[in-house]
Structure formats: C-alpha cells, structure tokens
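Here the structure comes first, spelled out in structure tokens, and everything after it is commentary.
The values are calculated or read from the model by the stated rules, or taken from the named source; none is laboratory data. Small disclaimer: the values here were computed from a predicted structure and weren't measured. When we count neighbours, we look across all protein chains shown, and the Cβ atoms used for this are built from the backbone with ideal geometry, even at glycine.
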Amino acid sequence: MKFTDSPVIQLPVGDAVLSLQQDNGSMHVGTSVWPCSLVLVKFADRWASIAPTGNPYSSLLDFRGKRAVEIGCGCGAAGMGLYLLGLTDILLTDISPVLPALKHNIKRNKPVLKKALKHSVLYWNNPAQISALNPPFDIVIATDVVYIEETVGPLISAMDALIGTDGVVLLGYQLRSPEADKLFWEMCDRVFQIDKIPHQDLHPDFAYEEADVFVLRKKDTASRS
C-alpha cells in the first residue's frame with residue numbers, strides 16, 4: 001500500500017467512494033489523512049460483506065443499531081468510512097482548530113453520506129465536554145491518536161468515560177513516540193482487555209506494516225489493576 005501527499009484522498013468503501021481533502025502543510029496534525037484511519041476502514045470493509053459463517057468479525061462489525069463516536073477524528077476518514085458500513089449514528093469530535101477541515105469534508109461527502117454527520121468539539125481533558133456528548137456509546141473510534149506522552153492519560157480517561165460496559169474501542173494504531181507508546185499500553189492494560197487483529201486479516205490492498213488495528217473492551221472494576 002502506498003500513501004500519498006496528494007491534497008485529495010479517495011477512499012473506496014463498499015459501493016461508494018469518500019473524497020477527503022487534506023492539508024499536510026498545516027500546523028495541526030488533524031488536517032492530514034493518516035494511514036491508520038484508512039487501514040481501519042478497509043479492515044471493516046473487507047469483512048463487512050462476508051457471511052457470518054466463517055467470518056470471525058461478523059459480530060464486531062455488525063454496526064446495525066449502534067451508536068458511535070470518533071475521537072481525534074481529524075479529517076473524519078475513519079468515522080465516515082464506518083458510517084457507510086452501517087453505523088446507525090455517529091458523532092465526529094476533535095479540538096477546535098481541526099473542526100473547519102472536518103466540516104469541509106463532511107460537506108464534501110454529503111452526497112455519498114446522504115446526510116451531514118454530527119460533529120462536536122472535544123478536548124479529552126474536559127469532563128464537561130465528555131458528559132455533553134451523552135455517553136455511553138457502543139463504539140469509540142480512534143485512529144492515530146497516540147503521539148504525545150502528556151495526552152495519554154486524558155485519552156485513556158476519555159475512552160473509558162465514553163464507552164459502554166459492553167462496548168468496544170476500534171483503535172487504528174501506529175507507533176509515533178516510544179515514550180507515549182509505553183505509557184499508553186501500560187495504562188490501557190489497566191482499563192481494557194486488548195485484542196490485536198492479525199495482520200493477515202487486514203485488507204490486502206490497505207495493509208501497512210507499521211499500522212495495526214486493535215479492539216479494546218472494558219475490564220470490570222474488580223479486574224482492573
């Protein structure tokens with residue numbers, strides 16, 4: 001798989017194609033379409049149309065009736081892609097400086113999405129903003145959100161607060177900072193059960209050796225260390 005610096009990324013999902021505008025020259029990382037978002041969407045796309053028999057991900061990727069939130073959504077690729085694969089309801093969130101790029105891509109893809117998806121400002125360290133999103137959600141979507149050590153604690157806390165007891169976090173991950181990576185997985189292990197999708201199960205045309213997909217499920221309070 002090759003990634004491009006092109007100002008527009010075309011992402012085929014099911015029978016549709018998302019057209020995502022990015023700005024790699026921006027000072028805000030959320031205005032670029034990062035590989036992990038594409039890898040996550042195409043993993044789901046690969047398995048979504050396969051019959052439950054012989055499909056180990058049929059339950060995980062059955063999005064019917066599910067309510068989802070994407071955190072640190074950037075250009076919105078992951079959230080919009082999974083919405084096209086059957087999510088009933090999704091809310092896209094990021095920090096204020098990234099919202100203009102997100103709104104532009106939502107509007108740009110409205111003919112494909114059939115409606116304008118909801119969006120909101122969310123800073124992970126703001127409990128009032130988290131509460132205002134009306135959790136819990138069935139699915140939390142997060143791609144390429146671990147790159148600064150100082151934000152790891154608020155990120156884990158936000159995911160924990162947003163996800164329901166029986167919900168899942170769909171995480172697209174690539175190592176960006178060794179310090180942030182170490183802290184993230186240490187903290188994650190206290191709160192979540194961690195399952196990694198085997199690399200051979202990713203979409204063969206959208207498999208990137210440095211990007212992985214993880215499924216996180218809440219541990220009950222008694223089993224948290």
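Starting from residues that are modelled with pLDDT under 95 and of a type outside the set (A, V, I, L, M), keep the ones in the stretch 134-148 and report whichever is nearest to CYS75 (Cα to Cα).
ASP144
Could you check, for the stretch 180-192, whether at least one of its residues is touching a helix residue (DSSP H, G or I) at 6+ places or on another chain (Cβ under 9 Å), without any contact (Cβ under 8 Å) to a residue 60 or more places away in the chain, assigned to a strand (DSSP E or B) and not β-branched (Val, Ile, Thr)?
Yes: the stretch 180-192 contains one or more residues that are touching a helix residue (DSSP H, G or I) at 6+ places or on another chain (Cβ under 9 Å), without any contact (Cβ under 8 Å) to a residue 60 or more places away in the chain, assigned to a strand (DSSP E or B) and not β-branched (Val, Ile, Thr).
Taking the stretch 170-214 as the region of interest, how many residues are closer than 15 Å to ASP144 by Cα and in contact with a Lys or Arg (Cβ under 8 Å, 6 or more places away or on another chain)?
Count: 3.
Within the stretch 187-225, can you find the residues that are of a type in the set (A, V, I, L, M) and touching a Cys at 6+ places or on another chain (Cβ under 9 Å)?
Once the filter is applied, which keeps residues that are of a type in the set (A, V, I, L, M) and touching a Cys at 6+ places or on another chain (Cβ under 9 Å), the stretch 187-225 yields ILE194, ALA211, VAL213, LEU216.
Which members of the stretch 193-210 meet the condition of being closer than 26 Å to ALA161 by Cβ and either among the small types (Gly, Ala, Ser) or in a strand (DSSP E or B) (or both)?
Hits for the stretch 193-210 are GLN193, ILE194, ASP195, LYS196.
Does the stretch 78-105 hold any residues that are in a helix (DSSP H, G or I), hydrophobic (A, V, I, L, M, F, W, C) and at pLDDT 95 or above, and which are they?
Those that are in a helix (DSSP H, G or I), hydrophobic (A, V, I, L, M, F, W, C) and at pLDDT 95 or above: ALA78, MET80, LEU82, LEU84.
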